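Here's the structure, in structure tokens; my notes come after.
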């Protein structure tokens, strides 16, 4: 009886710990859909700031302030950007839009990023859209391209 009671208590303790972990995970993920819907707003604010001719313009300063507030809000809820600079292509975190040759970026490295990726509490919320390097161009291909450009 004592052994059975001890096992029952251990099972109950494990159940209680599992319930606490699941509840914490559910709370972290509860706003996932809403936060994912806010990401295009961040994208558009980044595009607007990237195309602004004069950063000292009051309208541009206001857009930048709203952009920074959005970033702070996402950070407060555990939404973090995926860094693609100097990273190898990872299909779990990146979405390849195209592949190009590059003399400076090794094969399967990321050349450029079209849209930033985001994760929520360590889990992918939206993959980064990137251009992937296929390595250095063939010498024959490079010579053919140079001949075509110089004609």
Query - Degrees between helix 32-51 axis and first principal axis of the chain (Cα, 0 to 90, nearest 10) - result: 20
Report task. Before rounding to the nearest 500, sum -39500 (n - 2.57) across all DSSP H runs of length at least 4 in the chain and divide by the residue total; then give [θ] at 222 nm in deg cm²/dmol. Result -> -18000 deg cm²/dmol
Report summary line: Which of [x] 1.03; [y] 1.23; [z] 0.96 gives Rg/Rh (Cα atoms, Kirkwood Rh) as computed here? It is [y]
Report summary line: Mean-square fluctuation maximum in Gaussian network of the chain, Cα pairs under 10 Å, restricted to 27, 131, 42, hits 27
Query raised in the report: Among 60, 79, 20, which one shows the biggest mean-square fluctuation in a GNM of the chain, springs joining Cα atoms closer than 10 Å?
Result: 20
Report summary line: To the nearest 10 degrees, the tilt of helix 139-150 (Cα long axis) against the first principal axis of the alpha carbons of the chain is 50
Query raised in the report: So what's the gap between the Cα centers of the stretch 101-132 and the stretch 65-80, to the nearest angstrom?
Result: 21
Query - Nearest-ten-degree value, helix 58-76 long axis tilted from longest Cα axis of the chain - result: 40
Query raised in the report: What is the order of 66, 105, 59, 130, fewest Cβ neighbours within 10 Å to most?
Result: 59, 66, 105, 130
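So for the stretch 10-151, averaging the separation of alpha carbon pairs under 8 Å that are six or more residues apart and normalising by length, what relative contact order in percent results?
Working: 166 pairs, mean separation 28.9, N = 142.
Averaging sequence separation for qualifying contacts and normalising by length gives 20 percent for the stretch 10-151.
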Report summary line: residue 112 and residue 66 label points (each 7 Å along its Cα→Cβ direction) are spaced in nm at 2.7
Query raised in the report: Share of antiparallel DSSP beta bridges in the chain, in percent to the nearest 5?
Result: 65
**Report entry** Among 12, 114, 89, residue whose mean-square fluctuation peaks in a GNM of the chain (springs only between Cα atoms under 10 Å)
**Finding:** 12
Query raised in the report: Between residue 14 and residue 86, what FRET efficiency comes out of the Förster formula 1/(1 + (r/R0)^6) with R0 = 41 Å and r the beta carbon distance, rounded to 0.05?
Result: 0.40
Report summary line: Length gained if residue 77 through residue 59 is fully extended, taking 0.36 nm per residue and subtracting the Cα-Cα distance, is 3.7 nm
Query raised in the report: Quick one: length gained pulling residue 34 to residue 4 fully straight, 0.36 nm per residue minus the C-alpha distance?
Result: 6.1 nm
Query raised in the report: Sorted by mean Cβ packing within 10 Å, highest first, what order do the peptides 120-127, 4-11 take?
Result: 120-127, 4-11
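Only the coordinates and a few stated rules stand behind these numbers; no lab work does. Note that the structure is a prediction, hence the values are computed from the model and not measured. In this analysis, Cβ positions are derived from the backbone assuming ideal geometry, glycine residues included, and neighbour counts consider all displayed protein chains.
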